[in-house]
Amino acid sequence: MPKAKKSDISVSVIKRLPRYYRFIGELVKQGTVRISSGELAEKMSLTASQIRQDLNCFGGFGQQGYGYNLAELRTEIGKILGISQGYKTIIIGAGNLGHAIAAHMDFREYGCRLVGIFDNDPKKAGSRVADLEVMPVSELDSFCIREQPKIAVLCIPKTAAQELADKLISLGINAFWNFSHYDIKITHKDVVVENVHLGDSIMMLSYALNNADESEKE
Ligand code: NAI
């Protein structure tokens, strides 16, 4: 099966790739060399035909009677996700969330490299978080010119988000992982944003529980 051009892969397949990458990575760590679409489907609660359709986009890793070569498939999915790029990443806001993300996220595993953390509270400048010294925002310009980070993780209050995002774009940031609870507006076509609201996830649980209650009453 020929590999699809990157631009031909649909957005819905791309959105499933991190989950494939994670599951396949776990299997590789456990020493599994190959797997059939049926076995992978069972582990991921998908259908075998969905798996075959999705993974066919990446070329001939599935063979009749052999299954998928997991290491090769993982490498290929990693390439599409840009995992090998090591994009330089900075965190803005060294509060509770900024600390937690810096300390507990293994950025390298996801194709990124945490190179700086900034805060506008003078009391925080100089403190250490995950092997990095918190820098004052007054150093942001010179740092960005020197290091050219591409991704910013926004862990600041919503009131500061838009102004800071605009400044960071002018300093060459192309991607935002935005936790600020403010959906920043981007007018530059080359800039991408992932707005993260953990509350949205828990509301889905609340919705499911609420619906289960409703159906029990019927
Ligand atoms: P925090 O108050 O502990 O930390 C915020 C930090 O940002 C402080 O150190 C502050 O000095 C710094 N800061 C404020 N304005 C700044 C600016 N203009 N430039 C640089 N640094 C600045 O707050 P926490 O708990 O870490 O939360 C951070 C933000 O993330 C809040 O807006 C909170 O609502 C949000 N949040 C979002 C979640 C989500 O799922 N999206 C989950 C948890 C928190």
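The values are calculated or read from the model by the stated rules, or taken from the named source; none is laboratory data. Please read all numbers here as calculations on a predicted model, not as lab measurements. Note: ideal-geometry Cβ built from the backbone for every residue, glycine included; neighbour counts use all protein chains shown. Heads up: the accessible areas ignore ligands, DNA and RNA and are worked out on the full protein's heavy atoms, side chains in. Shrake-Rupley method; radii C 1.70, N 1.55, O 1.52, S 1.80 Å.
General observations
- The Gln53 and Lys79 beta-carbon pair, evaluated with R₀ = 30 Å, returns a calculated FRET efficiency of approximately 0.95.
- Element breakdown for segment 84-199 at a 1.4 angstrom probe: carbon and sulfur atoms account for 52% of the accessible area.
- For the chain, a simple Cβ point-charge model (Lys and Arg +1, Asp and Glu -1, everything else neutral) yields a dipole of about 760 debye relative to the Cα centre.
- Under-5 Å amide H pairs with Asn195, H placed in peptide plane, nonlocal only: Asn178
- Surface calculation, 1.4 Å probe, protein heavy atoms: Leu198 sits at approximately 130 Å² accessible.
- The helix-only estimate of mean residue ellipticity at 222 nm for the chain, built from DSSP H runs of length n ≥ 4 each weighted as -39500 (n - 2.57), is -14000 deg cm²/dmol after division by the residue total.
- From the C-alpha gyration tensor of the chain, square roots of 5λ in Å: 36, 24, 17
- Members of Lys15/Lys150; Lys79/Lys150; Lys29/Lys185; Lys79/Lys158 lying beyond 29 Å, as alpha-carbon distances in this model show: Lys29/Lys185; Lys79/Lys158
- Cα-centred dipole magnitude for segment 144-186, charges only on beta-carbon of K, R (+1) and D, E (-1), debye, nearest 20: 60
- Expressed in Å, the radius of gyration and Dmax of the Cα atoms of segment 139-213 are 15.9, 56.
- Three-way shape label, segment 6-79, alpha-carbon gyration tensor, a/c 1.5: rounded
- When Asp166, Asp131, Asp54 are compared by accessible area at a 1.4 angstrom probe, the order from most to least is Asp131, Asp166, Asp54.
- Each of Ala160, Asn69, Gly38 was placed along the dipole of the chain (beta-carbon charges, centred on the mean Cα), and the one lying farthest toward the positive end is Asn69.
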